[in-house]
Amino acid sequence: MLQVKNVSFAADGKQIIRNISFTLDDGKFLIITGPNGGGKSTLARLIMGIEKPDSGQIILNGEDITDLSITQRANKGIGYAFQQPPRFKGLTVKDLLSLAHGSKLPDNKCCDYLTKVGLCSKDYLNRQADASLSGGEIKRIEIAMLMSRNLNLAIYDEPEAGIDLWSFSMLVNSFKSISNQHKSVILISHQERIIQLADEIVVIADGEITMQGSKDEIFPKLTGDLSGCDLKPEGSELSWIK
């Protein structure tokens, strides 16, 4: 179980996160959504330990991890997929998948993970994870890396960003079953199809939680007049209006 208790964070004199609290039980799929610049990615970075809160607590399975490093949190089973993943010159895609998994993966298992994110695995296994890969390709590879781990908590920051529609459809199908692989999942997204996968939804705007609850309770509000948002004409992404 993850508990975020009264967490606040400021940077460069600006308050980015204000007194945020929520609980995520094991086996639950939580979607965090809301307007751009509202603090969603910052909250994810605070949970992973990339940033440290100015106040409040982050508790995992009853243990206060607020002051733990990124490495210590990773050792406790927290994984994070960046919105803009780093590149790794000198390592192949197969190397990265094996490192993420914790032991050498056979080619067929690597192919399974890559196929789930819409990559033709035979073409990618021995490719360098460097600047020769596009932003969308390296993003999908990082998602596959998280999928190769059995995590207590997996955090995905806008996994659909930079991904073509065909690959996006494959990702949606993968995320449908991903909670069986990880104990709990936090996923940041504006995409309607992804949001509909949630067990629970948290809406963040201006650094504060404006709505939270079950999908059945919150999702109808996101697509209706009361939420201050509507759907784009293609019906794929929530367009947030202040």
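Each value in this text was obtained by applying a stated rule to the coordinates, not by laboratory testing. Remember, it's a predicted structure, so these values are computed and weren't measured experimentally. Please note: Cβ atoms are built from the backbone with ideal geometry, for glycine as well, and neighbour counts cover all protein chains shown.
General remarks:
- Residues Cys120, Cys110 arranged by fewest to most Cβ contacts within 10 Å: Cys120, Cys110
- Dipole-positive endmost among Ser69, Cys120, Asn36 within the chain (Cβ charges, Cα centre): Cys120
- Net dipole in debye of the stretch 2-240 [+1 Lys, Arg Cβ; -1 Asp, Glu Cβ; about Cα centre; nearest 20]: 760 debye
- Around Glu200: net Lys/Arg minus Asp/Glu count, Cβ-Cβ under 13 Å: -3
- Distant-in-sequence amide contacts of Leu151, defined by a placed amide H-H separation under 5 Å and a gap of 5 or more residues or a different chain, comprise Lys183.
- Value at 222 nm in deg cm²/dmol, rounded to 500, when DSSP H runs of n ≥ 4 in the chain each add -39,500 (n - 2.57): -9000 deg cm²/dmol
- Helix 107-116 axis, angle to the chain major axis (alpha carbon atoms, nearest 10°): 40 degrees
- Karplus 3J(HN,Hα) series, Hz, for the stretch 153-158 with 6.51 cos²θ - 1.76 cosθ + 1.60 (x for Gly, Pro): 8, 10, 10, 10, 9, 6
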